[in-house]
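Here the structure is laid out as structure tokens; the discussion comes afterwards.
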Amino acid sequence: MQIFNASAILNVGRLSYNPSLCLPHLAVASFDKLPIPFKIPGHEEANIRGVVLDKDNCFAKDKDDKVWPAYNDIWAELQTNYPKEHLLIVSNSAGTNDDTNYEQAEKLEKDTGVTVLRHPTKKPGCHEEIMAYFAKQGIEKPSEIVVIGDRLFTDMLMANMMGAWGIWLSEGVELSNKIWCKMERGLYDRMVVNRDPPVKAPTPGETEVSKL
């Protein structure tokens with residue numbers, strides 16, 4: 001059960017002086033629209049080796065712990081293109097201190113075949129744990145990592161804070177009517193869709209990792 005996210009509250013304040021920190025490098029509607037292997041338009045030279053996956057309303061329905069059936073084919077394609085060790089599920093429910101004895105994380109690993117990060121600090125503040133995991137797999141540059149998720153204020157903010165690439169799922173499994181999600185979509189429209197020229201997310205390598 002997801003209870004409280006102090007990390008998000010502390011870090012969202014960054015957007016008041018740099019709103020671009022919450023923007024993705026690529027936006028697609030849903031998980032089955034992802035370009036695999038991953039390429040970022042305008043940055044085709046990027047060598048993406050590590051993949052961070054959000055769970056809720058990303059590859060799974062909200063509060064479910066298995067791959068959404070409509071995404072089975074692209075899930076298989078993801079696992080074909082990237083070694084198991086280069087995929088990492090980072091959820092703000094499974095694997096956190098809200099997950100009693102990490103029971104949800106263990107079930108998710110069993111159902112998906114992908115490692116779930118154990119992290120006491122929720123997104124967007126758990127990038128040090130993410131980098132520590134990937135360093136053990138020989139991936140030491142944030143610019144070799146892509147973060148995939150449905151939230152601008154957690155998933156995409158974290159991607160930009162750590163200097164990684166971010167792909168935003170603008171709808172996810174189902175379009176959320178939660179107030180924060182509606183605010184994020186409205187902000188994206190104002191900054192990207194309805195602005196000429198559109199605001200762009202920072203290019204990986206230009207953003208230092210936060211210590212918060």
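So the values come out like this:
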read-out	value
Some residue of the range 170-189 being touching a strand residue (DSSP E or B) at 6+ places or on another chain (Cβ under 6 Å) and farther than 17 Å from Val90 by Cα	yes
Yes/no for Ile130 being farther than 21 Å from Asp65 by Cβ and of a type in the set (A, V, I, L, M)	no
Residue ID - farthest from Glu184 (Cα to Cα), chosen from residues in the range 23-46 that are out of contact with any strand residue (DSSP E or B) (no Cβ under 9 Å at 6 or more places or on another chain) and modelled with pLDDT of 95 or more	Pro37
Subset of the range 113-124 (residues that are open to solvent by 10 Å² or more (accessible area, probe 1.4 Å) and within 23 Å of Ile48 (Cβ to Cβ))	Gly113, Thr115, Leu117
Single residue of the range 47-82 satisfying the filter (touching a strand residue (DSSP E or B) at 6+ places or on another chain (Cβ under 7 Å) and among the charged types (D, E, K, R)) that is surrounded by the most Cβ atoms within 10 Å (Cβ to Cβ)	Lys55
Check on Ile148, outside any helix (DSSP H, G or I) and either at pLDDT 95 or above or in contact with an Asp or Glu (Cβ under 7 Å, 6 or more places away or on another chain) (or both)	yes
Test for Ala132: is it on the phi < 0 side of the Ramachandran plot, surrounded by fewer than 21 Cβ atoms within 10 Å (Cβ to Cβ) and outside any strand (DSSP E or B)	yes
Members of the range 57-80 found to be over 16 Å from Gly149 (Cα atoms) and touching a residue at least 12 places away in the same chain (Cβ under 8 Å), listed by number	Ala70, Asp73, Glu77, Gln79
Residue match in the range 106-121 (condition: part of a helix (DSSP H, G or I), more than 19 Å from Asp62 (Cα to Cα) and acidic (Asp, Glu))	no
Inter-residue pairs, beta-carbon under 6 Å, first closer than 18 Å to Asp155 by Cα and in a strand (DSSP E or B) and in the range 45-56, second modelled with pLDDT under 95 and open to solvent by 10 Å² or more (accessible area, probe 1.4 Å), 6+ apart	Asp56/Asp62
Total residues in the range 83-102, condition open to solvent by 70 Å² or more (accessible area, probe 1.4 Å), of a type in the set (Asp, Glu) and assigned to a loop (DSSP other than H, G, I, E, B)	0
Matching residues in the range 151-193 - criterion: being in a helix (DSSP H, G or I) and under 20 Å from His127 (Cβ atoms)	Leu152, Phe153, Thr154, Asp155, Met156, Leu157, Met158, Ala159, Asn160, Met161, Met162, Glu184
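The values are calculated or read from the model by the stated rules, or taken from the named source; none is laboratory data. Source: prediction; values computed, not measured. All Cβ positions, glycine included, derive from the backbone under ideal geometry; neighbour counts span all protein chains shown. Keep in mind that these areas ignore ligands, DNA and RNA; they rest on the heavy atoms of the full protein, side chains included. Shrake-Rupley method; radii C 1.70, N 1.55, O 1.52, S 1.80 Å.
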